[in-house]
1. Would you say GLU61 is surrounded by fewer than 17 Cβ atoms within 10 Å (Cβ to Cβ), modelled with pLDDT of 95 or more and part of a helix (DSSP H, G or I)?
2. Using beta carbons and a limit of 6 Å, which pairs, at least six apart or on different chains, have the first residue in the range 120-143 and touching a residue at least 60 places away in the same chain (Cβ under 8 Å) and surrounded by 13 or more Cβ atoms within 10 Å (Cβ to Cβ) and the second one among the aliphatic types (A, V, I, L, M) and not in a strand (DSSP E or B)?
3. List the number of the failed condition for GLN22; all other conditions in (1) at pLDDT 95 or above; (2) of a type in the set (S, T, N, Q); (3) over 23 Å from LYS85 (Cα atoms); (4) within 15 Å of the chain's Cα centre (by Cα) hold.
4. Tally up the residues in the range 64-79 that are crowded, with 18+ Cβ neighbours inside 10 Å and either in a strand (DSSP E or B) or not aromatic (Phe, Trp, Tyr) (or both), please.
5. I need every pair where a residue in the range 32-48 that is part of a helix (DSSP H, G or I) has its Cβ under 6 Å from the Cβ of a residue that is crowded, with 19+ Cβ neighbours inside 10 Å and of a type in the set (A, V, I, L, M, F, W, C), sequence separation at least 6 or different chains.
6. Give the number of residues within the range 92-116 that are of a type in the set (Val, Ile, Thr) and in contact with a Ser or Thr (Cβ under 8 Å, 6 or more places away or on another chain).
7. So which residues in the range 84-119 are in a loop (DSSP other than H, G, I, E, B), closer than 18 Å to LYS57 by Cα, touching a residue at least 40 places away in the same chain (Cβ under 8 Å) and of a type outside the set (Phe, Trp, Tyr), if there are any at all?
8. What is the number of the single condition among (1) in contact (Cβ under 8 Å) with a residue 24 or more places away in the chain; (2) over 13 Å from the mean Cα position of the chain (by Cα); (3) farther than 23 Å from GLN95 by Cβ that CYS52 does not meet?
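The values are calculated or read from the model by the stated rules, or taken from the named source; none is laboratory data. A quick note: this is a predicted structure, and the numbers were derived from the prediction, not measured. Every residue, glycine among them, receives a Cβ derived from its backbone with ideal geometry; neighbour counts consider all protein chains shown.
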Amino acid sequence: MTKKIILSFLFILATIVTVSAQEWLTDFEEAKKVATAENRNIVLVFQGSDWCAPCIKLDKEVWATEEFKTYSEDHFVMLLADFPKRKQNKLTEEQQEKNNQLAEKYNRSGYFPLVVVLDQNGKVLGETGYNKMNATEYIDLLASY
């Protein structure tokens, strides 16, 4: 009986987390497959999560809002290319290489944050950075590309 209750609780918890979580992909090929299957644009975000003040503000003011999470879930494929500097936040070599390849193609100038809207094939539709905007304004900007 106790095992059934625990399993039921875990199932409900997993469902809640899945429904409310914004999924950030970290693999470009996977993002293209999902974008194609779901007919969405890719929002590629270059950030320095542990050192870039405007990146942290963008995360807090836009990405972390319920409004953006809800909208992006049905309209964008979110792809993260993070470049942390602190040792405790170091990425795996494989992930760092993937991010470096994305930067070589889409962020040659090394701007942080840089938000690039791509079509399903990886063609650039538009780009922006940190703007003093609320989530609604930022959604409108990204959707306009």
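1. On the way: surrounded by fewer than 17 Cβ atoms within 10 Å (Cβ to Cβ): no; modelled with pLDDT of 95 or more: yes; part of a helix (DSSP H, G or I): yes.
So GLU61 fails the test.
2. GLN120/ALA35; TYR130/LEU58; ALA135/VAL62; TYR138/VAL62
3. Among (1) at pLDDT 95 or above; (2) of a type in the set (S, T, N, Q); (3) over 23 Å from LYS85 (Cα atoms); (4) within 15 Å of the chain's Cα centre (by Cα), the lone unmet condition for GLN22 is (1).
4. The total comes to 6.
5. Here the result reads VAL34/VAL77; ALA35/ILE42; ALA35/VAL77, each pair linking the range 32-48 to a residue that is crowded, with 19+ Cβ neighbours inside 10 Å and of a type in the set (A, V, I, L, M, F, W, C).
6. Keep residues of the range 92-116 that are of a type in the set (Val, Ile, Thr), which gives 92, 115-116.
Next, from what is left, pick out any that are in contact with a Ser or Thr (Cβ under 8 Å, 6 or more places away or on another chain): 115.
Of the residues in the range 92-116, 1 are of a type in the set (Val, Ile, Thr) and in contact with a Ser or Thr (Cβ under 8 Å, 6 or more places away or on another chain).
7. Scanning the range 84-119 gives a single hit, PRO113.
8. (3)
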